[in-house]
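This report refers to the structure that appears directly beneath it.
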Amino acid sequence: MYNDELNCLLDRILPMQQFICRQRPPDPWFDAECCDAKHRTRRLERAYAAVNCTAASTTIMSKPSIDAAAAISKAAAAKAAWYAQRRAYRQLRHRKSTDFWRDKVASNESDPRQLWSIVDDLLGRGRVPTSSAIDVETFSRYFEEKVAKVRSGTSDAPPPTFRQGRPDVSLHRFLLLTTDDVINRIRRLPDKHSAADRIPTSVLKQMGDFLAPFITELFNRSMSEGCFPAMFKEAFITTIVKKAGLDATDVSSYQPISNLSVMSKLLECLVARQLMQYLSSADLLPSLQSGFRPGHATETSVLRVLSDILQAVDRGDSAALILLDLSAAFDTVDHSILL
């Protein structure tokens, strides 16, 4: 219903039109000032080319005269103006790029994950294009077989054990959301969006106060009925090479990235907040579980492991570190066990 109504409104206000998109995305720091400087540089370049052509024609067709000297002088002035503007444009690009990345790094000093992501983007890591020799069916078949192999390899594992939560804490149903809950969450959304979104996230944030009552009603019905809209489960899959140096023609070198719609992520965040409150109050989260928890980042886990090793060494004991990397861990989560 949400997507259908948006489509009707958009078709009436902004009819669909075809246009050519640039294959190369613009640099994130390339703003309107850079665009104006670029246009000014190109304009002066064309002006110099025209004046220089006129000066050359005047010099060839006539004997040295005042007109020829004036044309040559005008061409030299146009060339100097073009060179000066080109130099200023290059300095502006360098300054914009430097300031942008410096501010990015400074603003994410407290978020190591985002900081390393910025460093990777800055250094151009992991930008290996997908091989055209691998089609969609090959990717789909490989990932399905990979999950099936993991499940078959662990089918004889013993049944899981569960730890009971506190008897005085329970979660029989989700609390109804308020309009303020939805508005606050919309304002905290990042500006990126998926191809499945009918409107960009920036527009959703601008129109959040107007759309929030309708979104709140939709989310509350979904939570009350225990039904996650099927359309919210649809995602655009992007395959990327796991790390630089891997064979781009080998399907096992890729990992899938699912891009869900913003509405799906918005509902997920609001539900996850209530789930995390219940799990924390019921003491169901392991105290040593780090990652995806406020105050329990990966640095916390590293510090704990380092502390245990140093204490063992101080006691004269031996210390050994065993690291496990689970293949397709997220894809093989058993939903019946989880729920």
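The values are calculated or read from the model by the stated rules, or taken from the named source; none is laboratory data. Fair warning: this is a prediction, and the values are worked out from it, not measured in the lab. FYI the Cβ positions are ideal-geometry reconstructions off the backbone, even for glycines, and counts take in every protein chain you see. Surface areas here come from the heavy atoms of the whole protein model, side chains and all, with no ligands, DNA or RNA. Shrake-Rupley method; radii C 1.70, N 1.55, O 1.52, S 1.80 Å.
When you scan the stretch 69-89, do you find a residue that is modelled with pLDDT of 85 or more, within 22 Å of residue 28 (Cα to Cα) and basic (Lys, Arg), even just one?
Looking for residues that are modelled with pLDDT of 85 or more, within 22 Å of residue 28 (Cα to Cα) and basic (Lys, Arg), one finds at least one in the stretch 69-89, hence yes.
Can you say whether residue 254 is of a type outside the set (Lys, Arg), farther than 24 Å from residue 186 by Cα and touching a residue at least 24 places away in the same chain (Cβ under 8 Å), as far as the supplied structure shows?
Details: of a type outside the set (Lys, Arg): yes; farther than 24 Å from residue 186 by Cα: yes; touching a residue at least 24 places away in the same chain (Cβ under 8 Å): yes.
Yes: the conditions hold for residue 254.
Go through the stretch 286-313 and report how many residues are at pLDDT below 85 and exposed (fewer than 13 other Cβ atoms within 10 Å of the Cβ).
Result for the stretch 286-313: 10.
What are the pairs with Cβ atoms under 8 angstrom where one residue, in the stretch 201-216, is closer than 18 Å to residue 260 by Cβ and the other, located anywhere, is basic (Lys, Arg)? Sequence gap at least six, or different chains.
What qualifies is 201/192; 205/187.
Within the set of pairs 6+ apart or on separate chains, which have a first residue in the stretch 140-162 that is among the aliphatic types (A, V, I, L, M), a second that is assigned to a loop (DSSP other than H, G, I, E, B), and C-beta atoms under 7 Å apart?
147/328; 147/331; 147/332; 150/327; 150/328; 150/332
Filter the stretch 77-104 for residues that are closer than 15 Å to residue 40 by Cβ and open to solvent by 80 Å² or more (accessible area, probe 1.4 Å) and give the result.
Matches in the stretch 77-104: 83, 87, 90, 91.
Which of the residues spanning the stretch 314-339 are within 23 Å of residue 163 (Cβ to Cβ) and open to solvent by less than 100 Å² (accessible area, probe 1.4 Å)?
Narrowing the stretch 314-339 to residues within 23 Å of residue 163 (Cβ to Cβ): 324, 326, 329-330, 332-339.
Within the stretch 314-339, 329, 332, 333, 334, 336, 337 meet the criteria.
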